[in-house]
1. Only four residue types carry charge here, +1 at the Cβ of Lys and Arg and -1 at the Cβ of Asp and Glu. Report the dipole size of region 2-145 about the Cα centre in Debye, rounded to the nearest 20.
2. Which percent, to the nearest 5, of DSSP beta bridges fully inside the chain are antiparallel?
3. Sorting check: for 50-59, 131-140, which peptide has the highest mean count of neighbouring beta carbons within 10 Å, and how do the rest follow?
4. Straight-line reach only, C-alpha to C-alpha below 21 angstrom: list the lysines that residue 68 could link to, leaving out same-chain residues fewer than 8 apart.
5. Over region 2-145, what is the relative contact order in percent, taking alpha-carbon pairs closer than 8 angstrom and at least six residues apart?
6. I'd like the distance separating the alpha-carbon centroids of region 120-150 and region 83-113, in whole Å.
7. Which option, (i) 1.23; (ii) 1.98; (iii) 1.01, is the value of Cα Rg over 2.2 N^0.38 Å that was calculated from these coordinates?
8. If packing is taken as the average count of other Cβ atoms within 10 Å, what order do 35-45, 85-95 fall into, highest mean first?
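Coordinate-derived values only; no laboratory data. This structure is a prediction, so every number in the text was calculated from the model and none was measured. Because the Cβ atoms are built from the backbone with ideal geometry, glycine has one as well, and the counts that use them run over all protein chains shown.
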Amino acid sequence: MKKLLIIISFLCFSYANAQNINITVDKNLNLVCAFEKVILKNPDHNFETFTKDQINRDDINKLVIESKSPNVLNIKNLSNFIDKIELEVKISNKDVVLIQAFDDDKNYSESAVLTIKTGELIHEITKNIKLEEKEKDISFYSCKNINQNT
């Protein structure tokens, strides 16, 4: 988990180029992901953690990840934003899937890290990037692959 937080931190503090692509394996994943907890940073909460018993969040019923080398990585059903935008960072190998995308104004971003072996998914939403008081929503999920062949 420490490695995932380092990767997420890297994404948060750097702007990526569309050239940031590294797809090393062909893999199709169909996942169901159970919400576990969220860390919120906003005007009401300063990096406070809430479990599924404390906050109402939906599970992700059908997260689809299609990766094909050398540069195709499609993510579906993670969020409406990710479904509609071109990813700026796309990394997929046998161990991890890493993505990041920004809106046109570079004031909103979403990133995600999926550790394939453990099924841990971290989805981070950052709002008001250009302001000193950024808002963050970091959700943690436990995913299971429903594919027969991976």
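1. On the way: 20 positive and 22 negative charges, 114 e Å.
With only Lys, Arg, Asp and Glu charged at Cβ, the dipole is about 540 debye.
2. Working: 53 of 57 bridges.
Expressed as a percentage, antiparallel bridges in the chain total about 95.
3. Details: 50-59: 11.7, 131-140: 15.2.
Listed from highest to lowest mean packing, they are 131-140, 50-59.
4. The qualifying lysines are 27, 76, 84, 90, 94, 117, 144.
5. Numbers: 323 pairs, mean separation 38.8, N = 144.
Reported as a whole number, the value is 27 percent.
6. Centre-to-centre (Cα) distance: 10 Å.
7. Structure-derived value, by its label: (iii).
8. Numbers: 35-45: 15.1, 85-95: 17.6.
Order by mean packing, descending: 85-95, 35-45.
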